[in-house]
Amino acid sequence: MASFSAKSMTMFFLFTIIFGFGFLHASAQLQRFTHTPKTDGSLNFLVIGDWGRRGKYNQSEVAFQMGVVGEKLDIDFVVSTGDNFYDDGLTGEHDPNFEESFSKIYAAKSLQKQWYSGRIE
């Protein structure tokens with residue numbers, strides 16, 4: 001088995017990161033969002049991804065804590081990074097998976113803010 005020095009591993013990771021960002025920049029047109037900051041200039045938000053389904057896999061517990069933290073921080077919005085609706089995504093606008101895995105779960109008052117979600121095209 002080949003062994004790699006710390007320096008060569010660091011160089012490999014740096015190359016991967018730089019190449020990855022360059023590829024992302026070259027291949028994706030990222031949508032920009034604007035959100036009005038608080039009077040002190042701050043924005044508070046939560047980020048979640050791969051959130052589970054129908055309240056299982058600790059989804060309900062995490063959602064509850066998000067509600068608690070969201071209230072303490074007075075969040076402005078939530079970012080959902082994706083990988084949320086298993087196994088085949090949503091079938092349409094009225095898919096029951098949306099209610100069972102989102103609406104009923106992230107019901108805390110503090111989470112009733114704008115959610116920004118990634119999408120695959």
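When region 36-60 is examined, which residues are found to be at pLDDT 85 or above and under 17 Å from the mean Cα position of the chain (by Cα)? Give the steps one after another, and end with the answer.
Let us first name the residues in region 36-60 that are at pLDDT 85 or above, namely 36-48, 59-60.
Listed by number, the residues that qualify are Leu43, Asn44, Phe45, Leu46, Val47, Ile48, Gln59, Ser60.
Looking across Lys38, Lys56, Lys72, one residue alone is part of a helix (DSSP H, G or I) and exposed (fewer than 11 other Cβ atoms within 10 Å of the Cβ). It is Lys72.
Counting only residues that are of a type outside the set (Ser, Thr, Tyr), surrounded by 15 or more Cβ atoms within 10 Å (Cβ to Cβ) and not in a helix (DSSP H, G or I), how many does region 89-112 have? Before the answer, list the steps.
Residues of region 89-112 of a type outside the set (Ser, Thr, Tyr): 89-90, 92-100, 102, 104-105, 107-109, 111-112.
Checking which are surrounded by 15 or more Cβ atoms within 10 Å (Cβ to Cβ) leaves us with 97-98, 102, 105, 108, 111.
Still in the list and also not in a helix (DSSP H, G or I): 105, 108.
Residues in region 89-112 being of a type outside the set (Ser, Thr, Tyr), surrounded by 15 or more Cβ atoms within 10 Å (Cβ to Cβ) and not in a helix (DSSP H, G or I): 2 in total.
Residues are listed down the side, and each one gets a yes or a no for (1) closer than 25 Å to Phe33 by Cβ; (2) touching a residue at least 40 places away in the same chain (Cβ under 8 Å); (3) of a type in the set (A, V, I, L, M):
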| position | (1), (2), (3) |
| --- | --- |
| Phe64 | no, yes, no |
| Asp76 | yes, yes, no |
| Gly89 | yes, no, no |
| Glu93 | yes, no, no |
| Pro96 | no, no, no |
| Ser101 | yes, yes, no |
| Tyr106 | yes, yes, no |
| Lys109 | yes, yes, no |
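Scanning region 41-53 for residues that are surrounded by 15 or more Cβ atoms within 10 Å (Cβ to Cβ), in a strand (DSSP E or B) and touching a Ser or Thr at 6+ places or on another chain (Cβ under 8 Å) yields a single hit, Ile48.
The values are calculated or read from the model by the stated rules, or taken from the named source; none is laboratory data. None of the values given here were measured: they were computed from a predicted structure. Because the Cβ atoms are built from the backbone with ideal geometry, glycine has one as well, and the counts that use them run over all protein chains shown.
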